[in-house]
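In what follows, a single structure is set out as structure tokens and then discussed.
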Amino acid sequence: MQTPPPEPAPSPVVAGSACRTATASLHFDFDGASASACSVTGERDFTLLVTPEHFPPINPSPWYAFRYQAEGDAPVTVTLRYLGGFHRYAPNWRSGEETRDLAAAVSDNGAKAVIALPPGSGVVSAQEVIAPGDAAADLARWSRLSGAPVFTIGFSHDARAIGAIRLGREDAPRLIVLLGRQHPPEVTGAIAMRAFVDALAARADTLGDVQVLVVPMLNPDGTAHGHWRANRGAVDLNRDWGLFTQPETRAVKAWLDALPSGVRPALMVDFHSTGRNLFYVQGKGEASVDQQRFLAAWLEGRETALAGYPFTIEPRNANPGSGTAKNWFHQTYAIPSYTYEVGDDADRPATVAAARALAGSLIPALDAAKD
Ligand SMILES: [Zn+2]
């Protein structure tokens, strides 16, 4: 009688769980940590499989984030192996208040990157971690600056509250809509949005006949889980405008539908990140005279005027049914509707300064387009 084969040895690969040896460990136990499979490849060597939340990925934004603890000063290395993507984000390291980018030795045509970790402990992530809790802190700060209350505009797929704030008077007729973080890894867009809203909230009492709806974290589930793109319904939220199959986009739509008569969107700006700084705006053929005047007053001619933050303006005609916030707001309300894209490697202080400057000139530009 043949004996059954032995049970296979348990795999050392455990997605999203701690990976440890006697002297070093990696952990994935915080909001924003990736669900990467981790394997121990030596006493002080680990390998992470950086994978998208569904395959194939919609966008090559391979997010990774973990924290580590190591005893002693011997080097600890982490090898990132990318499935369905290539190394894109320089590793950001943070320990307490200290932060810097780490070097990554990239090979296999970008499919592999090796990082040497500083001794001790820290968090390593594809970009700075700005998690749902950080967005809540931002909202609380905007509330203190402006006196406006924070409210919950809706709930995510996994029932996380989606926080929002309205700056200015509830009956102010012109509404600016600011959206952030539809796409979890796009942190530089979040950095710009934070500075942009800081500037507006600080003078919310001077907004006059303008009010501003701010939703800084539209995809809290995807961000908390370290997704590359989607929400927990496996949907790219920025392809769902018009369809409104997802609770996150529906929440904003329901709020807009409940606006009092006399209040109407006048502008939408949606913050994202990509390879370089740019604004996607309406194509020349589809922008009305007023919309072209707004673009001229706000952005045109300033492409190289903001220190350390050069940008381009990219007119794009609407692709009907594309489901982007940009196209849906433009087509639904006949308003300027822009995607504010910040480069992955954009200089952070320059990004902040530029966002503040652009916020400062926003309402004068709206006024100029109206007159
Ligand atoms: Zn995006």
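Rule-based calculations on the coordinates, nothing more; no lab input. Since this is a predicted model, take the numbers as computed values, not measurements. Methodologically, a virtual Cβ is constructed for each residue, glycine included, from the backbone with ideal geometry; neighbour enumeration extends over all protein chains shown.
Considering only GluC sites (Glu not before Pro) in DSSP loops that have at most 10 other Cβ atoms within 10 Å, the longest stretch of the chain without any of them is 171-371.
The residue list Val352, Ala113, Asn319 was ranked by how far each Cα lies along the charge dipole of the chain toward its positive end, using unit charges on Cβ atoms, and Asn319 comes out on top.
Ranked from largest, the principal axis spans of the Cα set of region 14-125 equal 40, 28, 27 Å. Averaging 1/r across all pairs of distinct Cα atoms in the chain and inverting the result yields a Kirkwood radius of 21.8 Å.
Farthest towards the positive end of the charge dipole of the chain, among the residues Leu49, Val235, Tyr64, is the Cα of Val235, using unit charges on the Cβ of Lys, Arg, Asp and Glu. Taken about its Cα centre, region 132-370 carries a charge dipole of roughly 220 debye when the Cβ of each Lys and Arg holds +1 and the Cβ of each Asp and Glu holds -1. Computed over region 14-125, relative contact order equals 25 percent, with contacts defined as Cα pairs under 8 Å that lie 6+ residues apart.
Could you tell me the center-to-center distance, by alpha carbons, between region 342-371 and region 126-189 in angstrom? Value for the Cα centre distance between the two parts: 18 Å. Taking a cut-off of 24 Å between Cα atoms, list the lysines near Lys326, but don't count ones fewer than 8 places away on the same chain. Correct list for Lys326: Lys253, Lys284, Lys370.
When you filter the trypsin sites (Lys or Arg not before Pro) in region 91-193 for DSSP loop state and at most 16 other Cβ atoms inside 10 Å of their Cβ, you are left with Arg169.
Charged neighbours of Ala190, selected by a Cβ distance under 10 Å, balance to -2 (K, R count +1; D, E count -1).
Would you tally the net charge around Arg94, using a Cβ to Cβ cut-off of less than 11 Å, leaving Arg94 out, and scoring K and R as +1, D and E as -1? Around Arg94, the charge tally is -2. The modelled label-to-label distance between Ala137 and Asp347, using points 7 Å beyond Cα along the C-beta direction, is 2.6 nm. For region 94-216, the relative contact order comes to 25 percent (Cα pairs under 8 Å, sequence separation of at least 6). For the chain, DSSP calls about 60 percent of its internal beta bridges antiparallel.
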